[in-house]
Amino acid sequence: QPGWFADAVVYQIYPRSFADSDGDGIGDLRGVIGKVDYLADLGVDVIWLSPVYPSPQDDNGYDISNYRDIAPVFGSLDIFDELLGRVHARGMKLVMDLVVNHTSDEHSWFVESSSGPDSAKRDWYIWRPARSGMTAGVPGAEPTNWTSFFSGPAWQLDEATGEYYLHLFSPKQPDLNWENPDVRSAVHEMMRWWLDRGVDGFRMDVINMISKTLPLTDGSTVGSVIGSEQFLNGPRVHEYLAEMHREVFAGRTGRYLTVGETPGVTVDDARLYTDPARGEVDMVFQFDHVDLDHDGSKWEHIPLRLLDLKACFGRWQAGLADLGWNSLYWNNHDQPRVVSRFGDDGQHRARSAKALATVLHLHRGTPYVYQGEEFGMTNFPFASIEDFQDIESINHYRQAVAGGQDPAAAIAAMRIAGRDNARTPVQWDATPQAGFTTGTPWLAVNPNYVEINAAAALADPDSVLHHYRKLIALRHLEPTVGRGDFTMVLPHDEQIYAFTRRLGHTELLVLANLSGEPADPGPLPEWAAAEILLTNVPDGAAVLLPWEARILRRSL
Ligand code: TEU
């Protein structure tokens with residue numbers, strides 16, 4: 001039977017963009033402390049904090065130079081402890097981001113590793129000579145043809161030693177060598193240190209990339225990242241995760257949360273990662289549903305087809321029905337805003353945001369809410385390259401334009417899919433800079449903050465925010481939401497997303513019109529007398545209005 005987290009909702013904070021307490025334009029831990037009551041009132045159970053460790057911020061903190069401290073820009077360990085105390089006092093948990101596929105190139109481990117081939121930590125990273133017969137530094141001399149998630153080769157030449165190191169992301173994010181047991185125990189020790197400090201678990205960044213197939217050879221992937229078949233869900237990853245679980249969590253009695261971020265994970269992989277009997281992680285983030293609206297690379301947008309979305313979630317629901325557990329998310333700091341992406345951020349913004357939330361939260365799994373999603377924040381009207389800060393977008397732009405793409409077309413693609421859509425400051429109120437900072441924000445505030453902000457949403461009983469609050473409360477009150485089984489209804493309907501959940505003698509029906517046109521679900525006689533638990537349209541009729549969603553309950 002599912003663990004405690006079946007009845008929990010997780011809220012993700014991207015600290016840089018959440019709340020700035022000191023006017024430097026960058027969010028910080030004091031800013032988070034100021035919003036603990038807001039989060040408790042929303043009803044969430046767990047807060048996941050994106051990285052706040054010391055970092056050169058090449059990838060906004062996903063490049064960590066010290067795992068056991070807090071970056072001054074975010075605060076200090078004392079302020080962190082204060083936050084943790086406040087979170088616990090309000091009955092919530094705090095989960096840290098664990099980024100251990102790679103470190104920063106400024107981490108002391110890498111500094112030592114790159115000091116020379118005889119360094120005691122040389123083997124902590126993945127060093128290789130140039131391709132045989134080629135001179136190091138010449139294009140094409142990289143040890144393999146792998147490409148980085150952030151454009152260009154996945155290898156960086158270190159001039160001093162003439163060898164290359166592997167970086168699946170930026171050159172400032174060298175990959176750790178998990179084959180080395182000392183690396184693994186250093187990670188375990190660091191994790192224990194955070195648990196001893198009181199944190200409640202970890203979200204594990206690209207954790208399914210830590211085991212590479214050896215020997216490293218040229219990749220054959222068709223698509224955006226060459227080589228990925230050799231490092232996604234690699235040969236030793238399950239062994240490493242089981243070992244981590246034993247070394248870090250064995251003997252601890254608290255209720256912890258572990259979630260692996262696992263791009264390219266299949267349902268079958270996920271059954272292995274999340275089978276409680278195997279002792280790896282509680283759940284993983286799969287990417288299938290966020291890959292449905294592009295072709296090939298993430299920059300080649302195609303419209304979402306509802307049938308694809310239903311088939312995708314349906315497969316995940318069925319695949320993890322008897323074993324393992326699903327995570328449920330529309331948004332995070334890497335994804336565009338869901339109301340702009342799969343909803344309607346114009347005329348039907350509030351109603352479509354509520355419909356999408358209803359559908360997601362009523363699936364079987366643990367829902368994740370990303371900051372600002374709870375009151376329907378939208379994508380940003382990016383107009384030029386100067387508007388972007390994200391390394392992924394900026395590198396893509398340079399490469400696309402160098403390759404002959406029209407700059408306006410590149411910007412248009414980034415406006416749709418760029419990660420900065422998720423990273424604009426949280427819109428707290430209608431005061432200048434949306435109440436995020438008294439200074440100049442590091443990334444511009446969306447001009448729509450005057451209407452779309454948390455204060456306005458709190459004051460309006462009909463807002464997206466109050467709908468999220470009700471969904472979270474419903475999960476806490478009605479065990480069928482967390483624990484019921486899942487059955488898709490009307491699987492071939494191109495407008496309506498419908499399913500039932502059943503636990504014992506209780507059955508729920510979710511009916512959501514995920515389109516901008518009215519939709520007729522047809523007769524549902526067995527639900528005629530059912531109780532309406534939640535809707536986003538008062539007094540709904542038989543035919544669903546655009547983006548209308550309802551949750552019904554009946555006793556069997
Ligand atoms: O992301 C991993 C990942 O593969 C993608 O989501 C990626 O960010 C990219 O958008 C694919 O197009 C994780 C973090 O969530 C992300 O913020 C980091 O940049 C990345 O790992 C490296 O640590």
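Yes/no matrix, rows are residues, columns are (1) in contact (Cβ under 8 Å) with a residue 40 or more places away in the chain; (2) out of contact with any Lys or Arg (no Cβ under 7 Å at 6 or more places or on another chain); (3) not small (Gly, Ala, Ser):
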| site | (1), (2), (3) |
| --- | --- |
| GLU159 | no, yes, yes |
| ASP175 | yes, yes, yes |
| MET191 | yes, yes, yes |
| ARG203 | yes, yes, yes |
| ILE210 | yes, yes, yes |
| PRO215 | no, yes, yes |
| ILE226 | yes, yes, yes |
| TYR240 | yes, no, yes |
Near pairs, Cβ below 9 angstrom, 6+ apart or cross-chain, from the range 79-93 (of a type in the set (S, T, N, Q)) to any residue that is not in a loop (DSSP other than H, G, I, E, B): none
When ASP429 is evaluated against the numbered criteria (1) more than 15 Å from the ligand (Cβ to nearest atom); (2) outside any loop (DSSP other than H, G, I, E, B), which criterion, by number, is the only one it fails? (2)
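Quick grid of which residues meet (1) without any contact (Cβ under 8 Å) to a residue 60 or more places away in the chain; (2) outside any helix (DSSP H, G or I); (3) buried (at least 18 other Cβ atoms within 10 Å of the Cβ); (4) of a type outside the set (Asp, Glu):
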site: GLY439; (1), (2), (3), (4): no, yes, no, yes
site: HIS467; (1), (2), (3), (4): no, no, yes, yes
site: VAL481; (1), (2), (3), (4): no, no, yes, yes
site: THR487; (1), (2), (3), (4): yes, yes, no, yes
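To keep it simple, each residue is scored yes or no on (1) in contact with a Leu (Cβ under 7 Å, 6 or more places away or on another chain); (2) under 27 Å from TYR329 (Cβ atoms); (3) modelled with pLDDT of 95 or more.
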| residue | (1), (2), (3) |
| --- | --- |
| SER148 | yes, yes, yes |
| PRO153 | no, no, yes |
| PRO171 | no, no, yes |
| ASN180 | no, no, yes |
| ARG192 | no, no, yes |
| LEU216 | no, no, yes |
| VAL225 | no, yes, no |
| PRO235 | no, no, yes |
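Here is a yes/no grid of residues against (1) modelled with pLDDT of 95 or more; (2) among the basic types (Lys, Arg); (3) outside any loop (DSSP other than H, G, I, E, B); (4) away from the ligand (no atom under 16 Å from the Cβ):
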{"position": "GLN1", "(1), (2), (3), (4)": "no, no, no, yes"}
{"position": "GLN12", "(1), (2), (3), (4)": "yes, no, yes, no"}
{"position": "ALA19", "(1), (2), (3), (4)": "yes, no, no, yes"}
{"position": "ASP24", "(1), (2), (3), (4)": "yes, no, no, yes"}
{"position": "ALA40", "(1), (2), (3), (4)": "yes, no, yes, yes"}
{"position": "ILE47", "(1), (2), (3), (4)": "yes, no, yes, yes"}
{"position": "TYR67", "(1), (2), (3), (4)": "yes, no, no, no"}
{"position": "ILE79", "(1), (2), (3), (4)": "yes, no, yes, yes"}
{"position": "LEU94", "(1), (2), (3), (4)": "yes, no, yes, yes"}
Could you check the range 411-425 and list, in sequence order, the residues that are among the β-branched types (Val, Ile, Thr), out of contact with any strand residue (DSSP E or B) (no Cβ under 7 Å at 6 or more places or on another chain) and within 16 Å of the ligand (Cβ to nearest atom)? THR424
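Tell me yes or no: at least one residue of the range 359-381 is on the phi < 0 side of the Ramachandran plot, part of a helix (DSSP H, G or I) and either in the same structural domain as PHE150 (by TED's automatic domain parsing) or of a type in the set (S, T, N, Q) (or both). Full working, then the answer.
Going residue by residue through the range 359-381, those that are on the phi < 0 side of the Ramachandran plot are 359-364, 366-371, 373-375, 377-381.
After this cut, where a residue has to be part of a helix (DSSP H, G or I) as well, the list is 359-361, 373-375.
From the residues that got through so far, the ones that are either in the same structural domain as PHE150 (by TED's automatic domain parsing) or of a type in the set (S, T, N, Q) (or both) too are none.
No: zero hits.
Condition check ((1) touching a Gly at 6+ places or on another chain (Cβ under 9 Å); (2) within 16 Å of the ligand (Cβ to nearest atom); (3) closer than 30 Å to THR480 by Cα; (4) not assigned by TED's automatic domain parsing to the domain that holds GLY365) across all residues:
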{"position": "ASP288", "(1), (2), (3), (4)": "no, yes, yes, no"}
{"position": "LEU292", "(1), (2), (3), (4)": "no, yes, yes, no"}
{"position": "ARG305", "(1), (2), (3), (4)": "no, no, yes, no"}
{"position": "GLY314", "(1), (2), (3), (4)": "no, no, yes, no"}
{"position": "LEU320", "(1), (2), (3), (4)": "yes, no, yes, no"}
{"position": "ASN332", "(1), (2), (3), (4)": "no, yes, yes, no"}
{"position": "PRO336", "(1), (2), (3), (4)": "yes, yes, no, no"}
If I go through the range 1-53 residue by residue, how many of them are in contact (Cβ under 8 Å) with a residue 40 or more places away in the chain, within 24 Å of VAL99 (Cβ to Cβ) and of a type in the set (D, E, K, R)? 6
Count of the range 36-59 residues which are closer than 23 Å to ALA444 by Cβ and crowded, with 21+ Cβ neighbours inside 10 Å: 5
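Being farther than 17 Å from PHE18 by Cβ, within 16 Å of the ligand (Cβ to nearest atom) and part of a helix (DSSP H, G or I) narrows it down to one residue among ALA400, ALA408; which is it?
Values: ALA408 fails: within 16 Å of the ligand (Cβ to nearest atom).
Going through ALA400, ALA408 in turn, just one is farther than 17 Å from PHE18 by Cβ, within 16 Å of the ligand (Cβ to nearest atom) and part of a helix (DSSP H, G or I): ALA400.
In the range 134-173, how many are polar (S, T, N, Q) and more than 16 Å from the ligand (Cβ to nearest atom)?
Of the residues in that region, 4 qualify.
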Please pick out the residue among ALA400, ALA383, ALA357, ALA353 that is hydrophobic (A, V, I, L, M, F, W, C), surrounded by fewer than 21 Cβ atoms within 10 Å (Cβ to Cβ) and touching a residue at least 40 places away in the same chain (Cβ under 8 Å). ALA400
Among the residues of the range 334-349, is there at least one that is within 26 Å of ASN60 (Cβ to Cβ), outside any helix (DSSP H, G or I), in contact (Cβ under 8 Å) with a residue 60 or more places away in the chain and among the charged types (D, E, K, R)? yes
Please enumerate the residues belonging to the range 174-185 that are of a type outside the set (Asp, Glu), within 16 Å of the ligand (Cβ to nearest atom) and within 16 Å of GLY234 (Cβ to Cβ). LEU176, TRP178
Name the residue that is farthest from the ligand (Cβ to nearest atom), counting only residues in the range 217-228 that are within 23 Å of ASP295 (Cβ to Cβ) and surrounded by fewer than 15 Cβ atoms within 10 Å (Cβ to Cβ). SER220
Hey, can you tell me all the residues within the range 476-527 that are closer than 30 Å to GLY91 by Cβ, charged (D, E, K, R) and in contact with a Pro (Cβ under 8 Å, 6 or more places away or on another chain)? ARG483
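Are any of the residues in the range 95-112 more than 27 Å from ASP334 (Cβ to Cβ), of a type outside the set (A, V, I, L, M, F, W, C) and free of Cβ contacts under 8 Å to residues at least 24 places away in the same chain?
Narrowing the range 95-112 to residues more than 27 Å from ASP334 (Cβ to Cβ): 108, 111-112.
Now narrow it down to the ones that are of a type outside the set (A, V, I, L, M, F, W, C): 108, 112.
Now restrict to residues that are free of Cβ contacts under 8 Å to residues at least 24 places away in the same chain: 112.
Yes - at least one qualifying residue is present in the range 95-112.
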Going by the conditions given, is TRP194 outside the structural domain of PHE110 (by TED's automatic domain parsing) and buried (at least 17 other Cβ atoms within 10 Å of the Cβ)? yes
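The values are calculated or read from the model by the stated rules, or taken from the named source; none is laboratory data. Not measured: the values here are computed from a predicted model. Positions of Cβ are generated from backbone atoms using ideal geometry, with glycine treated the same way; all protein chains shown enter the neighbour counts.
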